[in-house]
Amino acid sequence: MPAELPPALLPEVASWLRRRSWSAADRPVHSLLAAKEAAGRAGTISVVLPALDEESTVGAIVSVIRRELMERLPLVDELVVVDSGSADRTAEAATEAGARVVHRDAILPRLPAEPGKGEVLWRSLLATSGEIVCFVDADLREFDPAFVSGIVGPLLTDPGIQLVKAMYDRPYELPGAGADGDATIDPVGGGRVTELVARPLLNLHWPELAGFVQPLGGEYAARRSLLERLPFPTGYGVELGLLVDALETAGLDALAQVDVGVRHHRHQDSQALGRMAATIYRTALERLDRTHRLKASADLVHPLLTQFTRTGAGFTARTHPVGALERPPMHTVPEYVSRHSGY
C-alpha cells in the first residue's frame, strides 16, 4: 500500500497560484508601454535601490535599468538610490551610472533614522513620486531588466493587482570550494532564511501566503496607495511584514508573483543570517500578537508546509504535513511508573 499523500494546498491558494503567477515573458516590455500610456498618472513608475556599501554592484544595476528601461524603452520614470550611510563609493558609483542618489538621513530629517533596510524603504516613499514603486536590492549581479519590467507588468495591466513579488532560482555559490579552486554552486541552495524561518512561519500562521516562491525576496513592486497604508518594520523583517500586512489590507487576490529567472547576489555568513532570522521571527510575533493569534490552537496554526522546486513546467509546489505530536513525560505513563516503582 503506498504511503499516504501529503495534504494539498488550501483551495484558495491553489486557485491563486494558477491565476496570479506569471512569467516575465507573458508581458513583453513593448506591450507594457501601451498599458503605461493608457494608465496615465497611475502608470508612473519609481525604482528604488536601498544601498549600503554596494559599490561593486550598484552601478551595473543602475546602468542596465537606465539603458534598457528609461532610454531604449521609456518604462521607468524615476530611478533613485537611497544610501543608508555607505563607507565606500556606493553613492558616487550610482550617480555616475545615472541614478539620483539621496541619503537616508536627508529624508524626513526631523526624525532620527533607525538602522535597517526597512527604514530606507519607508523613507524612500517621501523621496519618490511614482504611483508604482519598485524595490530592487543593490547587491545583485548579472542583473536582468526583467527584475523590474516583469514585476511592474501586472500592475500596469490589471487594476486589481496591488503588490507583485519576483520569484526566481536562488543559487548558493561558495567561492573557491571546488577541486580546482572554482566556486561550488548549489543551484537551489540560496535563500536559507526563507526555507528555515520565513516559509514555515507563513505556512503555519498565514497559509494563504504559502504560494509565494520567494516571500523574502527584495525585488517587488506595489502601488503607492497600498504602501502608504502599511507599517514598515525598520529591519530585515520588512519583506515578511509588508507581505502579511498587504494580505490583511488588500486580500490575497490583490497579490501576485512573476518568474524572472535567476537571482545572483552576495551571500551572508551564518551569524548574519542568524540575526536576520531573529528579526524576521520577531516581526512575525508582532503580527501574531497584534491579531491575537499567538495561541497555537487548531484554527490559528495550519500544520502544512509547501515548498517549491523548479521543473520543466516552472515552479512546482509540494506540500508536506508538519507534525507537532508530543508525548507526555514518561513518569506520567502507568506502564513506566509500574515498572520503575521499585527503584
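The values are calculated or read from the model by the stated rules, or taken from the named source; none is laboratory data. All values reported here derive from a predicted model rather than from experimental measurement. Cβ coordinates were reconstructed from backbone atoms using ideal geometry, including for glycine residues, and neighbour counts include every protein chain displayed. Ligands, DNA and RNA are stripped out before the accessible areas are found, and what is left, the full protein with its side chains, is counted by its heavy atoms. Shrake-Rupley method; radii C 1.70, N 1.55, O 1.52, S 1.80 Å.
Computed quantities for the displayed model
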{"read-out": "Members of segment 225-260 found to be under 25 Å from Asp144 (Cβ atoms), open to solvent by 20 Å² or more (accessible area, probe 1.4 Å) and at pLDDT 95 or above, listed by number", "value": "Asp259"}
{"read-out": "Asp137 vs. criteria among the acidic types (Asp, Glu) and touching a Leu at 6+ places or on another chain (Cβ under 8 Å)", "value": "yes"}
{"read-out": "Given (1) out of contact with any Asp or Glu (no Cβ under 6 Å at 6 or more places or on another chain); (2) open to solvent by less than 60 Å² (accessible area, probe 1.4 Å), index of the condition Ala42 fails", "value": "(1)"}
{"read-out": "Qualifying residue in segment 139-158 (condition: modelled with pLDDT of 95 or more, buried (at least 22 other Cβ atoms within 10 Å of the Cβ), of a type in the set (A, V, I, L, M) and assigned to a loop (DSSP other than H, G, I, E, B))", "value": "no"}
{"read-out": "Qualifying residue in segment 93-103 (condition: touching a strand residue (DSSP E or B) at 6+ places or on another chain (Cβ under 9 Å) and touching a residue at least 60 places away in the same chain (Cβ under 8 Å))", "value": "no"}
{"read-out": "Residue match in segment 56-79 (condition: under 16 Å from Pro145 (Cβ atoms), in contact with a helix residue (DSSP H, G or I) (Cβ under 6 Å, 6 or more places away or on another chain), open to solvent by 20 Å² or more (accessible area, probe 1.4 Å) and of a type in the set (D, E, K, R))", "value": "no"}
{"read-out": "Check on Ala94, open to solvent by less than 20 Å² (accessible area, probe 1.4 Å) and over 23 Å from Met276 (Cβ atoms)", "value": "yes"}
{"read-out": "Single condition Ala93 does not satisfy, out of (1) under 30 Å from Thr157 (Cα atoms); (2) among the hydrophobic types (A, V, I, L, M, F, W, C); (3) touching a Gly at 6+ places or on another chain (Cβ under 9 Å); (4) in a helix (DSSP H, G or I)", "value": "(1)"}
{"read-out": "Selection count where residues are under 21 Å from Ser63 (Cβ atoms) and either of a type in the set (D, E, K, R) or in contact with a Gly (Cβ under 6 Å, 6 or more places away or on another chain) (or both), scope segment 96-123", "value": "3"}
{"read-out": "Out of Leu273, Leu288, sole residue that is part of a helix (DSSP H, G or I) and at pLDDT below 85", "value": "Leu273"}
